[in-house]
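Undergrad: Input: one structure, supplied below.
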Amino acid sequence: MSEVFETNEIAYRACILYEAVRRTPVKKAYKNMKEVKPNVEYWDFEYWYYRFSNGQHDLNHDRSKDPKSLGLSDMPIDVVDNIVGYLGLVDKLAARKVCRNMRAVIDDQKSKFGKVELIIDGTSCEVHFEDLGIFHYAEENETYSLETFQKTVSLKGDHSEAAVKEFATVINQPKWSFEDVTIGLFSEECYLVNERKSILYLNALLSNHKIHVDRLIIHADTMETLATILPRFETDHVVFQWGWYSDDAEKNWLEVIEMDQWKKLTKCELTNLPKGFPIEALFHVRECHFIVINLTEEHLLKIRDILFTSPDFEYFKISDEKDCDSREEFTVLIDRVMGAHAAYDPLTKVYRIENSKDYIQISVENLMFYELSIQKIRS
């Protein structure tokens with residue numbers, strides 16, 4: 001019997017018509033059909049079942065004459081725009097590959113996404129677009145392997161250049177913004193030339209428009225990285241963690257603190273503040289955490305006389321990595337500098353703000369190293 005349905009299309013359709021007229025549920029009807037025609041495709045069975053159920057009983061109908069079904073790309077632009085507006089970054093990246101019209105709609109739509117990352121570490125690179133990870137590993141003979149959750153392929157070229165290009169293509173979209181952008185370049189001192197090569201290549205690929213991001217996080221071994229990348233972004237929060245390998249740190253810092261992007265910051269987190277860095281260049285931000293090797297009396301004088309008079313300042317935390325004999329020594333230095341003004345009470349560590357009910361609370365903690373916390377309390 002099954003041979004009849006395999007070779008005779010009319011008999012096959014008649015069997016489906018019988019089930020449709022009897023109003024057999026579609027799943028049960030398909031199961032019945034599978035018993036006599038095991039290789040029947042559901043999409044084909046479903047087409048004839050619903051056609052017959054709608055009263056179109058012509059067994060000789062030619063499917064090729066049916067009107068073309070409309071796809072997503074055939075919909076009105078405003079409908080498509082509304083649909084893709086609900087997609088996340090990973091889905092939009094996939095949808096951009098459907099066709100030019102779809103890509104144009106997605107690229108023209110203002111969108112804000114979560115976290116994106118570029119991590120370059122020696123012979124491996126990682127690119128993360130929210131929960132999508134793309135991994136590049138250097139191989140011999142000027143090749144690299146590209147690994148995603150779907151596949152692993154070997155390609156010609158430089159692994160770091162491929163990763164940087166992949167990352168730049170996404171963050172370059174003029175109407176896209178992000179919550180977090182992380183750029184991490186981790187290398188030993190002998191590989192600093194590779195860090196410079198990667199950051200200059202990324203800088204060359206980025207467009208002239210400012211990339212909007214809530215928080216920019218940079219891990220690097222040189223100050224040049226921050227000086228090169230910061231002008232490309234529009235952000236009010238920077239996290240910068242760097243090593244000690246740069247010989248021209250002072251030159252790069254002086255360049256950074258004159259940038260408009262730096263002056264617009266409201267939050268800042270820095271490690272390894274360079275020797276001689278003008279601490280007052282941080283006093284325009286609302287919240288700040290930085291690490292120094294030796295918190296000096298000069299630093300404290302500037303905090304007392306400049307920072308405390310800033311209307312924008314809310315909270316500063318300063319971590320001092322130097323070896324200190326005791327908490328008492330650290331506290332005595334703070335009390336001596338702050339206590340030069342009558343506004344300071346060494347018992348409560350409160351500094352009163354002139355002509356205001358607000359005050360500044362100072363506290364000292366000894367965790368991994370000494371931390372000085374300074375917080376403005378508003379009444």
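The values are calculated or read from the model by the stated rules, or taken from the named source; none is laboratory data. All values derive from a computational prediction rather than experimental measurement. When we count neighbours, we look across all protein chains shown, and the Cβ atoms used for this are built from the backbone with ideal geometry, even at glycine.
Yes/no matrix, rows are residues, columns are (1) in the same structural domain as Glu6 (by TED's automatic domain parsing); (2) without any contact (Cβ under 8 Å) to a residue 12 or more places away in the chain; (3) surrounded by 14 or more Cβ atoms within 10 Å (Cβ to Cβ); (4) within 21 Å of Thr7 (Cβ to Cβ):
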site	(1), (2), (3), (4)
Tyr30	yes, no, yes, yes
Lys34	yes, yes, no, yes
Asn39	yes, no, no, yes
Asn60	yes, no, no, yes
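Undergrad: Residues that are more than 15 Å from Tyr370 (Cβ to Cβ), crowded, with 17+ Cβ neighbours inside 10 Å and modelled with pLDDT of 90 or more: does segment 312-321 have at least one?
TA: Scanning segment 312-321, I find at least one residue that is more than 15 Å from Tyr370 (Cβ to Cβ), crowded, with 17+ Cβ neighbours inside 10 Å and modelled with pLDDT of 90 or more, so the answer is yes.
Undergrad: Something else now. Residues of segment 339-363 being touching a residue at least 24 places away in the same chain (Cβ under 8 Å) and within 41 Å of the chain's Cα centre (by Cα), which ones?
TA: Passing the criteria: Tyr351, Ile353, Ile360, Ile362.
Undergrad: Every residue in segment 233-246 that is modelled with pLDDT under 95 and not in a strand (DSSP E or B), please.
TA: If the condition is that a residue be modelled with pLDDT under 95 and not in a strand (DSSP E or B), then Gly243, Trp244, Tyr245, Ser246 are the ones that fit.
Undergrad: Given the conditions (1) of a type in the set (Lys, Arg); (2) out of contact with any Leu (no Cβ under 9 Å at 6 or more places or on another chain); (3) closer than 22 Å to Phe240 by Cβ, and given that Arg352 satisfies all but one, which numbered condition is not satisfied?
TA: (3)
Undergrad: In segment 139-176, how many residues are out of contact with any Gly (no Cβ under 8 Å at 6 or more places or on another chain) and either among the aromatic types (Phe, Trp, Tyr) or surrounded by fewer than 17 Cβ atoms within 10 Å (Cβ to Cβ) (or both)?
TA: Result for segment 139-176: 21.
Undergrad: Suppose we filter Ser111, Ser124 for residues that are at pLDDT 90 or above and among the hydroxyl-bearing types (Ser, Thr, Tyr); which single one remains?
TA: From the options Ser111, Ser124, the qualifying one is Ser111.
Undergrad: Go through (1) under 23 Å from Gln375 (Cβ atoms); (2) at pLDDT 85 or above; (3) touching an Asp or Glu at 6+ places or on another chain (Cβ under 8 Å) one by one and return the number of the condition His212 breaks.
TA: Going through the list (1) under 23 Å from Gln375 (Cβ atoms); (2) at pLDDT 85 or above; (3) touching an Asp or Glu at 6+ places or on another chain (Cβ under 8 Å), His212 breaks only (1).
Undergrad: Test Phe308 against the stated conditions and say whether it is in contact (Cβ under 8 Å) with a residue 40 or more places away in the chain and either over 30 Å from Lys263 (Cα atoms) or touching a Cys at 6+ places or on another chain (Cβ under 9 Å) (or both).
TA: Judged against the criteria, Phe308 is not a match.
Undergrad: Also, I was wondering about something else. Answer yes if at least one residue in segment 268-282 is under 26 Å from Ala340 (Cβ atoms) and of a type in the set (Asp, Glu), and no otherwise.
TA: yes
Undergrad: Which ranges mark the strands (runs of 3 or more DSSP E) fully within segment 256-352 that have 2 or more residues being of a type in the set (Gly, Ala, Ser)?
TA: none
Undergrad: Name the residue that is nearest to the chain's Cα centre (by Cα), counting only residues in segment 88-108 that are loosely packed, with under 13 Cβ neighbours inside 10 Å and within 18 Å of Phe149 (Cβ to Cβ).
TA: Ala94
Undergrad: Restricting to segment 197-214, and then to whatever is in contact with a helix residue (DSSP H, G or I) (Cβ under 7 Å, 6 or more places away or on another chain) and of a type in the set (S, T, N, Q), can you tell me which residue is surrounded by the most Cβ atoms within 10 Å (Cβ to Cβ)?
TA: The qualifying residue surrounded by the most Cβ atoms within 10 Å (Cβ to Cβ) is Ser198.
Undergrad: For residues that are over 17 Å from Asp214 (Cβ atoms) and in contact (Cβ under 8 Å) with a residue 24 or more places away in the chain, tally how many sit in segment 98-117.
TA: 8
Undergrad: Spot the failing condition for Leu146; the list is (1) at pLDDT 85 or above; (2) in contact with a Cys (Cβ under 9 Å, 6 or more places away or on another chain), and only one is missed.
TA: Going through (1) at pLDDT 85 or above; (2) in contact with a Cys (Cβ under 9 Å, 6 or more places away or on another chain) one by one, Leu146 breaks only (2).
Undergrad: Also, I was wondering about something else. Go through Ile291, Ile217, Ile229 for me and flag whichever is buried (at least 17 other Cβ atoms within 10 Å of the Cβ) and touching a residue at least 40 places away in the same chain (Cβ under 8 Å).
TA: After applying the criteria, what remains is Ile229.
Undergrad: Does Glu126 count as without any contact (Cβ under 8 Å) to a residue 40 or more places away in the chain and in the same structural domain as Thr152 (by TED's automatic domain parsing)?
TA: When the stated conditions are applied, Glu126 passes them.
Undergrad: If you check Ile293, Ile306, which single one turns out to be at pLDDT 90 or above, within 40 Å of the chain's Cα centre (by Cα) and among the hydrophobic types (A, V, I, L, M, F, W, C)?
TA: Sole residue among the options that is at pLDDT 90 or above, within 40 Å of the chain's Cα centre (by Cα) and among the hydrophobic types (A, V, I, L, M, F, W, C): Ile306.
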